[in-house]
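What follows is a set of notes on a single structure, which appears directly below.
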Amino acid sequence: MNDPNGLIFHQGLYHAFYQHHPYDENWGPMHWGHATSRDMLSWQHQPIALAPGDPWDKDGCFSGCAVADNGVLSLIYTGHVWLSGEGDDSAIREVQCLATSHDGIHFTKQGVVLTPPEGIMHFRDPKVWFEDDYWWMVVGARDAQDHGQVLLYRGHSLREWQFMQVLARADDGMGYMWECPDFFPLGNERILMFSPQGLAAIGYDNRNLFQSGILRGNWQPGADFIATHPFTELDHGHDFYAPQSLLAADGRRIIIGWMDMWQSPMPTKADNWCGCLTLPRELSLDPQGQLLMQPVREVEALRQSEQSILPLTLVQQQQFLADNCRSIELQLEWDTTASQAEKYGFQLGDGQGRGGRVSVYVDNQANRLILERHYPQQGVTGYRSVSLPESGLLSLRVFIDSSSLEVFINNGQACMSSRIYPAEHERRLSLFAENGQAQLLSGKFWYLAVGA
């Protein structure tokens, strides 16, 4: 599986569709997988929602969205056709298509509803919403000058669309293709969320093959989108791509991303599967206007048997916390002003310095929080990082799962998500400090019940 598609709350259920190749652990002709949930935690797999095979989507039902049209659950997706052989991106045809369902499970294709404008070949990943008495759609595109774009359309129905404008376009250096656009209000702002391909790494930024992030700005129907902030990555880990948003039953803006990265090692293929999605995350703006991204509050229902970590001063030592950490939530608060160690944080490993490990720690010399993976036997090594907050307090909320690590920093001011691949003997959780002392103010952790 890869991109989440069609995220929607509909008739009492959350629906998560996703890009899916059901016959192989490798990428192939894309179907739409489907799962439903009442709480965004425990998911029930449903039958395949879309399968390629019609003239307009014979080589793949690519990414898209879901809306409720007068109570009818409707999928808008990209039909993909290779014109010069599979994998040859120099000659493709991509169109936007419609499928509908009256029971929310079985879908009937309705055919093509939108073709690309002249001069545009890469044209995919529609996101649709209803506003101001119209349906609106954003689509990711690549123009003839190899600049990414987001195109805006308007329609009286899901079957007839009128091109309105280029909502946003990449400047030089901002990517040759903008995939998976999403456009939604947050507070008094409009957020354009997308996944640009072709951004060069600059220092600590844009370290993955492809990125995902946002432009913040202002927009009203009929007007231009005016960005008020530069492009900002949403997640600074190794594995985060193609996020899509939905409105929760109570109006919260929730996003879910694909927790993998193209052309990176994917060791789970040895076990005949590949790909997973992030925890659902709520987006919000704090009173100062800073964007926050935090796990949805529903995840607290998974907690079992809280374990407290007393305040302590670490000096050139490791502090054991727990063994067999397969599914756990960890919360730590450090005093960065009183912590002078060159490195301090936590590690998931074997406790003896052998084999694989993942560490999240403060690098005091670089003044950054580091997420470092070391699984050389899997070809998975390297680190990602974010700058430390200036407050003197560092709060971490961490979710460790079988093959993933999601770190939320200072109540969602930053986030890092990465896949991890520890062996059974490499799931020992401990705190550490090197070359100096580190002051832990408080901590606790919970083993988590595993959702279905």
* Asked: Any chance segment 421-429 includes a residue that's over 18 Å from Gln318 (Cβ atoms), open to solvent by 30 Å² or more (accessible area, probe 1.4 Å) and assigned to a strand (DSSP E or B)?
  -> no
* Asked: What is the number of the single condition among (1) free of Cβ contacts under 8 Å to residues at least 60 places away in the same chain; (2) closer than 30 Å to Leu302 by Cβ that Trp82 does not meet?
  -> (2)
* Selection from segment 223-250 of residues that are touching a residue at least 12 places away in the same chain (Cβ under 8 Å) and under 25 Å from Asp133 (Cβ atoms) -> Asp224, Phe225, Gln244, Ser245, Leu246, Leu247, Ala248, Ala249
* Asked: Restricting attention to segment 166-187, does a residue exist that is surrounded by fewer than 17 Cβ atoms within 10 Å (Cβ to Cβ) and under 19 Å from the mean Cα position of the chain (by Cα)?
  -> yes
* To do: Identify, by number, the condition in (1) within 30 Å of Leu209 (Cα to Cα); (2) touching a residue at least 24 places away in the same chain (Cβ under 8 Å); (3) out of contact with any Phe, Trp or Tyr (no Cβ under 8 Å at 6 or more places or on another chain) that Ala270 doesn't meet.
  => (2)
* Kindly list the number of the only condition in (1) open to solvent by less than 40 Å² (accessible area, probe 1.4 Å); (2) part of a loop (DSSP other than H, G, I, E, B) that fails for Ser74. => (2)
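Among Gly175, Gly217, which is the only one that is closer than 22 Å to Leu291 by Cβ, among the small types (Gly, Ala, Ser) and in a loop (DSSP other than H, G, I, E, B)?
Numbers: Gly217 fails: in a loop (DSSP other than H, G, I, E, B).
Exactly one of Gly175, Gly217 is closer than 22 Å to Leu291 by Cβ, among the small types (Gly, Ala, Ser) and in a loop (DSSP other than H, G, I, E, B), namely Gly175.
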* Asked: Can you find a residue in segment 98-107 that is in a loop (DSSP other than H, G, I, E, B), modelled with pLDDT of 95 or more, under 28 Å from Leu247 (Cβ atoms) and of a type in the set (A, V, I, L, M, F, W, C)?
  -> yes
* Sort out which residues of segment 20-59 are of a type in the set (Asp, Glu) and open to solvent by less than 20 Å² (accessible area, probe 1.4 Å), and write them in order of number. => Asp57
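Yes or no: Ser418 touching a Ser or Thr at 6+ places or on another chain (Cβ under 8 Å), assigned by the TED database to the domain that holds Glu342 and either open to solvent by 20 Å² or more (accessible area, probe 1.4 Å) or assigned to a strand (DSSP E or B) (or both)?
Numbers: touching a Ser or Thr at 6+ places or on another chain (Cβ under 8 Å): yes; assigned by the TED database to the domain that holds Glu342: yes; either open to solvent by 20 Å² or more (accessible area, probe 1.4 Å) or assigned to a strand (DSSP E or B) (or both): yes.
Yes, satisfied.
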* Structure fact -> Exactly one of His31, His10, His15, His21 is in the same structural domain as Lys269 (by the TED database), at pLDDT 95 or above, over 30 Å from Glu300 (Cβ atoms) and touching a Leu at 6+ places or on another chain (Cβ under 8 Å), and that one is His31
* Of all residues making up segment 295-313, the number that are over 26 Å from Gly257 (Cβ atoms) and among the charged types (D, E, K, R) -> 1
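Mind telling me which of the residues Gly111, Gly140 ends up being within 25 Å of the chain's Cα centre (by Cα) and either touching a residue at least 12 places away in the same chain (Cβ under 8 Å) or assigned to a strand (DSSP E or B) (or both)? Walk me through it before giving the result.
Working: Gly111 fails: within 25 Å of the chain's Cα centre (by Cα).
Criteria check complete, one pass: Gly140.
The values are calculated or read from the model by the stated rules, or taken from the named source; none is laboratory data. Keep in mind that what you see is a predicted model, and the values were worked out from it rather than measured. Here Cβ is always computed from backbone atoms with ideal geometry, including for glycine, and neighbour counts include all displayed protein chains. These accessible areas exclude ligands, DNA and RNA; they are computed on the full protein's heavy atoms, side chains included. Shrake-Rupley method; radii C 1.70, N 1.55, O 1.52, S 1.80 Å.
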